[in-house]
Structure formats: C-alpha cells, structure tokens
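Worksheet: the structure to be examined is printed underneath.
The values are calculated or read from the model by the stated rules, or taken from the named source; none is laboratory data. Bear in mind that the values here come from a model prediction, so they are computed numbers and not experimental data. Neighbour counts run over all protein chains shown; Cβ positions are idealised from the backbone, glycine included.
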Amino acid sequence: MICVETVESIVEEARALVEDPSYPAARRWLEEHSDGKVLGHFQVYFPEELAHAAGMLPLKIAGFDTTLQIRKADAHLAAFVCSIARSALELVMSGTLDILDMFVFPPICDVARHSCAVWARNFEDIDSQIMYLPHNAASAAAVPYLTGEYRRILREIEEVASTRVTDEALRASIELFNENRRLIHELYRIKRETPWLLSAVETYLLTRAAGAMPRERHNELVRRALAAVEHRDAKPQDKVRVVFSGGFCEQPPLDLIAVIQDACYIVDDDFMVGLRWLTEDVPVDAEDPIEALADAYLHRSDYSPVQHDPRKPKEEMLLRKVREAGAEAVIVAAAKMCEPGLEEQVGYSQALYEAGIPHLVMEFEEKTTTFEQTRMEVETFAESLLFEFA
Amino acid sequence: MTTPTKHERRIVIRPPLPLAGTTRDENRKLIREWWDELNAAGEEGRPVANVFVMGSMAEILRTFDMPIAFPEMTSLQTAVRGRSLEYITTAEDAGYSPDICGYVKADIGVHLQGGDHPMGHLPEPSLVVATNLCNTYIKWAEIWERMYSCPVFVFDIPGWRGSGFETKRGSGTFRDDVRYVEAQVRELIALTEEVTGKRFDIDRFRENLASVNELSRLFREVLELNQHRPAPFNALTEGINLMGIVNAYRGSPKGTRFLEIAKAEFTERAERGVGAVPDERFRLLLVGTACYSNFRDFAGLFEDWQGVFPHSDYMSFAGGALDRGVHYDLDRPIESMAEQMVLTTQEAMGGMFWGQDWLTEVVREWSIDGIVFHGVKSCRTVSTGLPDEREWLLRRRDIPGLFIQSDLVDPRLWSAAQLKNRIDAFFESLESRRAAGARR
Ligand code: SF4
Ligand code: SF4
C-alpha cells in the first residue's frame, strides 16, 4: 500500500516551525554545523543567496505574534512604532533568538533604519547592517550601485563566516533559491487557480516556513506538499475571491487570515512577499552572479509600498494582480502604525474605487487576539458581494 | 526651589541693542517674498518644484529659476498659525490614517482645499524631488503624483550602513555611492530641462554652489556663537526662523545675506552678555523636533526654568547638512556636488540614527546640562530610536536625558499637564545633579 502524506500533516510541520519563536529548525542546523553562523534579515527582501553561499543560514525575521510578550523592547522604541519592530527586537533582547551572528535591515522605512541602530547599540556581538537597496529604481546607475552594495554586504558576510565566497558557490545558491521561488510560486498558482485545494492559511504556513529553516529542506517540504495536494479531494465552494493587500512587512495574525478565509477565497496576497520578490529565475550562468541578483531585484520583481519604481505604479500592479487572480474584491489592509502601508491604502482604495472593484479597508496588528469585529465586517462584506454577483 | 510659573517670570530690562530685531524683520520679509514668488508662479502657470528640506537639490533647481515649495515648511506654518487641525481632519476625512505623519496630512489637506493656505496659495507642483532621507518623503511625493500626474524624481543618497560604518573618502563604498549619486545629479538635470524647457547653465550652477559654500560657512559660525554662555539665541524658537531661510534660500545670495544679519545680531548679544533666555540657568540640547501646534507653550515649559537650547539635532538634519561643512569644488561642480551630498548627508543622517557620538560632542562643545529627546508621533524618522539613545547616553556617557512625546502639528496629541510634570521632574533632577557636583 502506498502511504500518501496529507497536506494537513505537512502544513502542521510548517506550523511547528513558524509558530515557535526560538527557530527550532535553525537550532537543529546549528547542532549539525558546529561552526555554523546565522544571518537574520528583516522584511521585505534580502538576497539570501549571499549568506547561503558563505555557508551561513539565512533566517527571515518577520516579527512574532501574540505568544511573544513584549517586556524589554518597549523601553527602547518610541510609542508610535509598529509591532513588528518591537517583536523582532524582543526576540533578541529576551534571549528567545540568541543564535544570530549578523542581522541585515533593508531601508524600507525609518523604523527599520532606526531599528538597525538600536540593534547595533545593544548587541555588540551581532553585526547589524543596513543594506541600502536603491530607492531610485529607475536610475540607469541603480544596477551597478546595487551590485556594489551586494558586494559590500558579501564582504561583511565573509568576515562573519570567516570564508571567501566563490562565484561557483554563488551560482549553486542561486540555483537552490530559484528552485525555492519556483516552488513557492507553484503553491501560489494552485491557490490562485484552485483555492479549494490549498487554503490561504496553508499556503501562508508553507511559504513562511522558508524563512525559518534551511532552504534545501524547505524545498523538500514544499515538494512533498505539492505532491500531497494532487491527492486532495476538495470541492469548490461558493465564496468570494479576494486579493489580500498589506502583508508585505508586519504579518497579520494567522487567526485573522483564517477569519478571512472562512468567508472568502484569498486567491492572491502579499504575505511575506520578499520570499517570492523575484518573479523569474536569476540566470545561473551569468558572468557576474552578484550583478545578476541585483538586476533581478530591480528588473524582474514584485512590488510593495516600500519601493517607488515608476515602471511599477503600485495601483496598476494591484489591479493587474486582481485581474490575473480572477478576484472580485480586495482587502486593503495595513499594519497599525505602519506609515508606508497606511499611506498606500488611500491610493489603492481610490484606484479600486475608480475601477469599480469592491474593497474592504482594514488595519491589523500582529499581536491582536480578538477578531469578532473583523469577522463581522468580512462576513458582511462577503455576503454583500455574493448577493451582488448572484 | 519651587517651580516657577509663567506668571512669576521676572520682567527683564535689557540694554538697548542697536541690531535687536534685525534678524526677525529680515526673516519675515524673506518668507513673505518666498510666498509671493510661489503665488506668482501659480498664477502665471510657471513650473514649481516641490522638494524637502533634507536634500532639496536647490542647487540644481535654482539654476533653472524654478520656484521651490517646501511642504514641510508650509505644513509647519499651518501649525504655528493654529490652523493645522482643520487641514489634518480634511485629509483624515479623505481616508488618511490618524497614525501617519501630520505634515503630510496638513499639506494634503491644503491641496484638497484647493491650495488655500493661511499664507497664500500653494501651486500645483510640476516636478517633485523626494530624497530617501525620510522614507515618508517618497510616500508623500506619490500622493502628489496621483493628484497632479507630475513627475517624481526619487533622489537616493545611500546612508549610514550599520555597525562600524564610517563615511570614508576613497573607500569602495564611498566611490560606489558617489557614482550612483552623480548619475542621479545628471538625470535630475536632464529631467528639469525637460520640465522647464530650459538648458542647464553650468555657470549658474557654479554660482549656486559657491553660494551654498558660503551659506554653510556662515551657518556653522552662527551655530558656534551659541557656545557662548549665555547662549545668544534659542535653537528651539529662533532656530526655526534660521532653518526656514537657509532652506528656502539655499543657493541664493539672499540666504547668505540673511545669515550675515543673524550673525551680526547674535554676535552683538554675545558681546553684551545678553542671552536668548533671561538669566540662563540650564543649557539643553533638543533631539527630535518641537511641537509646532503648541509652540509657545512647548518653549515655555523650558523657559520657565530658564532653560535654553543652544543646539538641536534638528539644526543639523533639517538644515540639509549645512552644519557639517559643505565645500563644493567649483572646478568639478557635478562630481563635487555628488561627493559632498554623500559626505554631508551620510554624516547628518547618520547623526539621526546613530547619534550618540555627535550628541556627546555637542554636549561638550556647547556646555549642555541635559538632552531633551522629544518623540513626535508624526515622525518616525526622528523619533523611533530616541528612548534607546537616551538610555545609552545615560548609561555609557552619564549624560542625563528626558524622553517626552507629543506631535509636530497635531494639537490633539498635546498633553500639557503630563509634559509639565515630566519636564519639571527633569529640571529638578538636573538641579540635584548640579548640587551633588558642587559638593564633590
Ligand atoms: S510594518 Fe511598516 S513601519 Fe513597521 S517596519 Fe514594516 S514597513 Fe516599517
Ligand atoms: S516623517 Fe518626519 S521627516 Fe518625514 S516628512 Fe514627516 S515630519 Fe518630515
């Protein structure tokens, strides 16, 4: 008898990694690699290939939800700062995440830039860096500049890892991460085309686990999940198809995603968008692999409120996402206190209004625990649409 | 000592000073002229650029005779005139969150009300230059982009990079940063040519650069005057006037002339021993910004204790890094602009995120008794890490600091009693420190 794994059991594996703030898979990796070094990176995008090629374990630190008590971090940050900056800091201050050798912040917002300084002041044994991704994405000099900046970060990595990284090692890492992105894009394709086969929560957990474990193992995990989905026997339900927008940095609590998916199919979203920021494979045979990574970041990539790129007007990108996902409506969310997310909400709402696409505007916080109000709003929204489309 | 109140403040009779009021009068005149130019450009349909104080690129734009609007300044003016809340609520009614920068909302409120501002009429921008020095600048620029379909140029100056980073001429990173910035200088020139229909005149550009060199030299001299005891001007209150003019007139001889007037007046005060705050007792350093919607009250909370602010980090970052010493090489104007932009903004912005060393130096040079860290809800750019910085400076350098919070322009976040309690307690602790020091 062939024993087929269920999607549920694989998702539970992912959940166990995602919901444990001590990053158990990273600890196991460290047990296996006694000299191993760990590089954490903040939202949204980091070229993890650079760390991987140096033999480091890249971890995506995307804050933490309700189970993490903020005890120490609050004393170091102003009151009006989003929750992800607090929980990321708390993870380290509390000793929950005591395995980082290096931490990289992209300059996505001023909270992130300040956070780098707070980390650098408080944890002298962690090499805290800002990797200055270019804000002038349209400049002809952006690719050469970013190539130089990636090289600078690579030099820091080499120092921390006490190694020299060869182009061959970089190419091998690019290949591994290309495969990872393809697998995640495949999860998203299934969710988009047949959302009854893979729910938003499942896709989310399977995707987010990438940032919490060695990528080789994550590829394996997703391959198993994709195989299991093929054996899934589920029927489409009469649900509104929505796109969720606003999960590019701070993540909504899992229970919030569950509340939405009770009433709607979330056919596309931007949760953990950095893990699938590059939309195409990075060429493995490029003469300069670092330049290839820089080029991909700027020219073949997704969009988010923290990147201004005149070639990717954000409202148009959102409308395109809605079209391509065959969605009927959008949930325009933003994390509480998130300046870029909140500002983008207005532009998105206006564009959706003009395009005649129904949308629900909401705010969330990773530490929220009660969702009754949101459940009511989402249900009312979904019902009004079902009625309208009936 | 019991806490003095405003009502108990002594009436101080100062000796008549021949130059008294000259800075204020020139400031008023220049701000009026600046507004008149914006109004006229709007009426005549001439192109106007919207820019920001940190990295305004006035050196380039002024070459094309483009009137320059500084929305941070015009938002501040709505607050000082007690009108910010009506604009903020207009923006909130249009969907902008209570939790975003109040400067953005005050400005958007003005635009949503057809450009009517308490001081004139804000014209539509024909070009927006937003640096990355505050990330909200970029989001703000995108709002105008949607409103007016105007071109937005995000001028990116890579900044402080984290642990162990130093801006070093000759390093690979410095060269990469300068190359990127220089390319953008050229791209911005090309775009401005397109928007204005004028050719770039490198000699005009050189003149502007020369003028900024002069402005920077004078600005540093004026700041240094405040190393005198008593401090001849208050960086909190009079500083705001200086900042307005050095931004609005950066690259213009009117800006340098203004600083000469200010320097003369403050020198006269210093020579006569006349302080900005009568009977100066405490010298403070402001980190963050003031609260402009309750500006007089905010200043009063410190003046009541005869506390003066000889310096603030605001005078550094909001002055487009003039305090760091801008030295453009006029023989290589474009290359030199790129180099100086990288050098000075990395220092000034680094000072905002990684400010402990610069603050320690200011404490020493300007004889500061304590630092006031004022976090404002509007501005994560200045406020996010202030509690950490305060704690670090106290623990590692024994520099006392007070952390308080309100807002820049939103009077709903002003809590007078709470602030007064905290500020009074801080002054009392400074007094005890002083007494303990005297006993040792
Ligand atoms: S949630 Fe928003 S404000 Fe907070 S770190 Fe992320 S982008 Fe910055
Ligand atoms: S966030 Fe701060 S620096 Fe940025 S626009 Fe607002 S007030 Fe100015």
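Given the criterion of a type in the set (Gly, Ala, Ser) and modelled with pLDDT under 95, identify the matching residue among A:Gly55, A:Gly36, A:Gly40, A:Gly63.
Details: A:Gly55 fails: modelled with pLDDT under 95; A:Gly36 fails: modelled with pLDDT under 95; A:Gly40 fails: modelled with pLDDT under 95.
The unique qualifying residue is A:Gly63.
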- Item | Search result, residues across region B:135-145 that are touching a Cys at 6+ places or on another chain (Cβ under 8 Å) and either β-branched (Val, Ile, Thr) or facing another protein chain (nearest Cβ under 7 Å) (or both) | B:Asn135, B:Thr136
- Message: Out of the residues in region B:381-402 meeting the condition of being part of a loop (DSSP other than H, G, I, E, B) and either among the hydrophobic types (A, V, I, L, M, F, W, C) or within 14 Å of chain A (Cβ to nearest Cβ) (or both), tell me which one is surrounded by the fewest Cβ atoms within 10 Å (Cβ to Cβ).
- Response: B:Ile399
- Residue satisfying all of: in region B:347-403; basic (Lys, Arg) and touching a strand residue (DSSP E or B) at 6+ places or on another chain (Cβ under 9 Å); modelled with the lowest pLDDT among these: B:Lys377
- Message: Checking the condition over 21 Å from the mean Cα position of the chain (by Cα), more than 14 Å from every other protein chain (Cβ to nearest Cβ) and buried (at least 17 other Cβ atoms within 10 Å of the Cβ), which residue from B:Asp369, B:Asp424 passes?
- Response: B:Asp369
- Message: Of the residues A:Ala225, A:Ala258, A:Ala209, only one is modelled with pLDDT of 95 or more, closer than 29 Å to A:His299 by Cα and among the small types (Gly, Ala, Ser); which?
- Response: A:Ala209
- Only residues that are charged (D, E, K, R) and facing chain B (nearest Cβ under 7 Å): list them for region A:97-114, please. A:Asp110, A:Arg113
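Could you tell me whether any residue of region A:108-115 is surrounded by fewer than 21 Cβ atoms within 10 Å (Cβ to Cβ), at pLDDT 95 or above and either within 24 Å of A:Ser22 (Cα to Cα) or under 23 Å from the mean Cα position of the chain (by Cα) (or both)?
no
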- Query: Does A:Thr147 satisfy being more than 16 Å from ligand 1 (Cβ to nearest atom), β-branched (Val, Ile, Thr) and within 15 Å of A:Leu50 (Cβ to Cβ)?
  - Reply: yes
- All conditions in (1) within 11 Å of chain B (Cβ to nearest Cβ); (2) under 23 Å from the mean Cα position of the chain (by Cα) are true of A:Ala172 except (1)
- Task: Would you check if there is a residue in region B:75-86 being surrounded by fewer than 24 Cβ atoms within 10 Å (Cβ to Cβ), away from chain A (no Cβ under 11 Å) and closer than 23 Å to B:Ala41 by Cα?
- Result: yes
- Note on the structure: Residue count, region B:390-421, condition without any contact (Cβ under 8 Å) to a residue 24 or more places away in the chain and more than 25 Å from the chain's Cα centre (by Cα), comes to 6
- Message: Quick check on this structure: which one of A:Leu275, A:Leu293, A:Leu254 is away from every other protein chain (no Cβ under 14 Å) and within 16 Å of ligand 1 (Cβ to nearest atom)?
- Response: A:Leu275
- Message: Being out of contact with any strand residue (DSSP E or B) (no Cβ under 6 Å at 6 or more places or on another chain) and more than 10 Å from chain A (Cβ to nearest Cβ): is that true of B:Ser406 here?
- Response: yes
- Message: Which residue is farthest from B:Ala183 (Cα to Cα), if the candidates are limited to region A:115-161 and must be of a type in the set (S, T, N, Q) and facing another protein chain (nearest Cβ under 8 Å)?
- Response: A:Asn122
- Task: Filter region B:109-144 for residues that are within 12 Å of ligand 2 (Cβ to nearest atom) and assigned to a helix (DSSP H, G or I) and give the result.
- Result: B:Asn135, B:Thr136, B:Tyr137, B:Ile138, B:Lys139, B:Trp140, B:Ala141, B:Ile143
- Item | Verdict on A:Ala140 being hydrophobic (A, V, I, L, M, F, W, C) and surrounded by fewer than 23 Cβ atoms within 10 Å (Cβ to Cβ) | yes
- List the pairs whose first member sits in region B:90-104 and is at the interface with chain A (Cβ under 9 Å from one of its Cβ atoms), whose second member is of a type in the set (Phe, Trp, Tyr) and assigned to a helix (DSSP H, G or I), and whose Cβ atoms are under 7 Å apart, counting only residues at least 6 apart or on separate chains? B:Val104/B:Trp140
- Residues in region B:101-151 that are acidic (Asp, Glu) and within 16 Å of ligand 1 (Cβ to nearest atom) total 1
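Please tell me if A:Val306 is within 16 Å of ligand 1 (Cβ to nearest atom) and facing another protein chain (nearest Cβ under 10 Å).
Yes: the conditions hold for A:Val306.
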- Query: Just one of the numbered conditions (1) within 16 Å of ligand 1 (Cβ to nearest atom); (2) surrounded by fewer than 20 Cβ atoms within 10 Å (Cβ to Cβ) is not true of A:Glu315; which one?
  - Reply: (1)
- Query: If a residue has to be within 17 Å of the chain's Cα centre (by Cα) and not in a strand (DSSP E or B) to count, how many in region B:279-295 make the cut?
  - Reply: 6
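Being crowded, with 19+ Cβ neighbours inside 10 Å and on the phi > 0 side of the Ramachandran plot is true for just one of B:Gly55, B:Gly159, B:Gly115, B:Gly102. Which residue is that?
It is B:Gly55.
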- Note on the structure: Per the list (1) within 16 Å of ligand 2 (Cβ to nearest atom); (2) within 26 Å of A:Leu205 (Cβ to Cβ), residue check on A:Glu339 breaks on (2)
- Message: Out of everything in region A:63-84 that is over 20 Å from the mean Cα position of the chain (by Cα) and of a type outside the set (A, V, I, L, M, F, W, C), what residue ends up being surrounded by the most Cβ atoms within 10 Å (Cβ to Cβ)?
- Response: A:His76
- Item | Qualifying residue in region B:404-423 (condition: away from ligand 1 (no atom under 16 Å from the Cβ), small (Gly, Ala, Ser) and in a helix (DSSP H, G or I)) | yes
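Identify the residue in region B:54-90 that is closer than 17 Å to B:Arg206 by Cβ and not in a helix (DSSP H, G or I) and, among all such residues, is farthest from ligand 1 (Cβ to nearest atom).
Checking each candidate, the answer is B:Asp65.
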- Query: Among the numbered criteria (1) in a loop (DSSP other than H, G, I, E, B); (2) over 20 Å from B:Arg324 (Cβ atoms); (3) not acidic (Asp, Glu), which single criterion is violated by B:Val195?
  - Reply: (1)
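Go over the candidates A:Ala382, A:Ala325, A:Ala351, A:Ala333 one by one and state the one that is more than 16 Å from ligand 1 (Cβ to nearest atom), farther than 21 Å from A:Pro106 by Cα and within 14 Å of chain B (Cβ to nearest Cβ).
When all the criteria are applied, what remains is A:Ala351.
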- Message: Can you list residue pairs whose Cβ atoms sit under 6 Å apart, with the first residue in region B:369-380 being under 16 Å from B:Tyr292 (Cα atoms) and in a strand (DSSP E or B) and the second being of a type in the set (Asp, Glu) and within 12 Å of ligand 2 (Cβ to nearest atom)? Count only pairs 6 or more apart in sequence or on different chains.
- Response: B:Val376/B:Asp407
